[in-house]
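Written out below as C-alpha cells is the structure these notes cover.
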Amino acid sequence: MERRGVFIAGDWAGSGPPVEIRDPADARVVVATVMTGSPDDLRNAVAAAQAAVSWQVTSPQERAGYLSTAARLLRERAERIAAELVSEEGKTLREAGGEVIRSAATLEYHAGQALRAQGEVLAPIRPGALTVTRRRPVGPVAVISPFNFPMLVPAWKIGPALAHGNTVVWKPSSLTPLTAINLTEAFHDAGLPPGVLNMVVASGKAAAGSLIGAPGIKALTFTGSTTAGRTIQARLGGLDTRVQLEMGGNNAAIVFDGVDVAQVAAEIIKGALAGSGQRCTGIRRVIIAGRVAGIEDALVAEAGRWRVGPGMDPNSDMGPLVSAAARRDVLAGLERLVGAGATIVTADRTVEDEVWEHGHFVAPAIVSNLDPDDDLACEEIFGPVLSLYRADTRDEAFRLANATPFGLSHAVFSPEIDDALAAADSLEAGMVHVNASGGVAPHVPFVGWGDSGFGPAEQGETAVEFFTRTQVINVHGARFV
Ligand code: UN1
C-alpha cells in the first residue's frame, strides 16, 4: 500500500523520500510506504495556511459544522482507522478503537466551544459607551504531535485551532503517518476549504526546524519529549509566536493503608501499562505510604496477568513498543536502574513467545529497592516499567512524589479524605487523581507543571485561551462628544 503523506492547499502530494512503515508487532511486515514531505513542502504548507486566512471570518456555526462532520466520519470509519493505527503504532485494537472514538468526541466538544460565549461585557469606559472583550483567532498555528496518541492528541490541538478560526500546519510523528492521513482525510471529506488544514509527514529535525520560527506561524502547539519541547521554546524566544508545550512526566501513585489492595493494584497496573507504558500520564512510580500489607505482591501478580502480544490479537492486553529504538531505550533505562541497585521483582518473560522475536515487545517490569533519592528515580522511562518505593510518613511520600522536575499527573489511593486533601495541597502536579490512576476528557484542562508543560493548558476552557487573543472593543454613540 502506498500513501501520500503531504496535504497542502487541499491537494495530496509527497515529493520527499518514501518511508516504509513496519508493523511494530512483526517488523518483517511492511504495512505501507508513505511518500513524505521535504522542508520545502513545510514552507509551502505555511504559505497555504497563510493564504487561507479568510477562514478567520467564517461563521463559528460553519466551523463547528466541519468539525462535527469530520467527527461523524471518524465514527463511521473507526474500525478501519483503528486497525491502521494498530498496524503502525502497536497498541491494542481496543485501545486504538477507543482513541478514534475519543478523537471524534474531542472534535464534537470543540465544535460546541466555537459557539460558546467568549468575552465579557465590562463597565463602560465612558458614560453611554459599550465596552466588551471578545476573542479573535491568533493566526496560522503549527501543530507538532507525537506517535503515542496519533489521533487523539492531534484532534485536541487541531480541533480547537480550527474551531476558533485558525488555519493549521500539522507535522505528525513520522512513526504514525497513516493515522495522520486518516484524520486529514476526515477533514478533507467533511469539505474543509483548501489550505485551512495542511499536513506534512516529514522525518528529522530539519523538517521540524523549518516549521519552528517560520514567519507566518503565530502559535505552535507541541506534544513530545521535554528535551524537544525546551528546544522549541528556546528557538521561539523573542519571536511573536505563542507556544504551548505538553512534555514528559514521571507520575507517582501514592498508596495509603486501608485500601482494597487488589483493586488498587489493578488500577495502578492499568495506569502503568496502558499504551505499553508509552503515555506521558502513565504511572511510573508507586510510593507505598505506610505498611499497606500485600501491595507489592498484588502489583506483581497483576502485572503478570497482563498478556503481551500483537495489538490485533484480541487476547493481548498490551502491544509492543512503537519501534526498535523505543525498545532499546526502555531496556537501557531498565538496565540503568538495575545497575543502580534496583531489583526486578516481576518474573522474566522476555522469551515468552516466538512472536516476540520479530516485534518490539517488552515485558512489564516492576523494580524495587532503588534509592528514591537516586537521580535515576527522577528520569522518565517511556515504557512498561514501574518502580516501587516506601515512605514512612505522608509528608515523605509527597516529598518523593515531588522529587522530579516533572509535574503532570499523580494519583493517590486512600480511604481517608484527609490524605486526598493533603495530596491536592502538597503535590506539585497539574493533575491529581484520587482513587484513580488517571482521567482525561475534552472538557477538562490537561495541565502540566514544571518540565511537563508550558503555556496555557490544552483542552477545556484553557484551549480557547491559547488559540485566540483578546480584543477590547469600545463602542461610543455617533454623538459621543
Ligand atoms: C490519555 O491518557 O488518555 O501521552 C491521553 C499522554 C498524553 C495524552 C494522554 N499526551 O499521556
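The values are calculated or read from the model by the stated rules, or taken from the named source; none is laboratory data. Only a predicted model underlies this, so the values are computations on that prediction, with no experimental measurement involved. Cβ sites come from the backbone with ideal geometry, for glycine too, and all protein chains shown count toward neighbours.
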*Quickly run through the stretch 412-427 and pick out the residues that are touching a residue at least 24 places away in the same chain (Cβ under 8 Å) and under 18 Å from E267 (Cβ atoms).*
V412, F413, S414, P415, E416, D419, A423, L427
_Quick check on G112: is it assigned to a loop (DSSP other than H, G, I, E, B), farther than 19 Å from F222 by Cα, touching a residue at least 24 places away in the same chain (Cβ under 8 Å) and more than 21 Å from the chain's Cα centre (by Cα)?_
no
*Can you tell me how many residues in the stretch 258-275 are away from the ligand (no atom under 16 Å from the Cβ) and touching a Ser or Thr at 6+ places or on another chain (Cβ under 8 Å)?*
2
*A129: of a type in the set (A, V, I, L, M), over 23 Å from Q244 (Cα atoms) and in contact (Cβ under 8 Å) with a residue 40 or more places away in the chain, yes or no?*
yes
*Please verify whether the stretch 193-203 includes one or more residues that are surrounded by fewer than 24 Cβ atoms within 10 Å (Cβ to Cβ) and within 23 Å of A32 (Cα to Cα).*
yes
*Give the stretch 439-453 a look and list any residue that's away from the ligand (no atom under 12 Å from the Cβ), part of a loop (DSSP other than H, G, I, E, B) and within 29 Å of A114 (Cα to Cα), or say none.*
H443, P445
*Kindly indicate which of N182, N166 is touching a strand residue (DSSP E or B) at 6+ places or on another chain (Cβ under 7 Å), away from the ligand (no atom under 16 Å from the Cβ) and in contact (Cβ under 8 Å) with a residue 24 or more places away in the chain.*
N166
*asked:* Taking the conditions exactly as written (at pLDDT 95 or above, surrounded by 15 or more Cβ atoms within 10 Å (Cβ to Cβ) and within 16 Å of the chain's Cα centre (by Cα)), does V412 satisfy them or not?
replied: no
*Of all the residues that make up the stretch 286-331, how many are under 20 Å from the mean Cα position of the chain (by Cα) and assigned to a loop (DSSP other than H, G, I, E, B)?*
6
*Restricting attention to the stretch 208-215, does a residue exist that is surrounded by fewer than 24 Cβ atoms within 10 Å (Cβ to Cβ), within 15 Å of the ligand (Cβ to nearest atom) and more than 18 Å from the chain's Cα centre (by Cα)?*
no
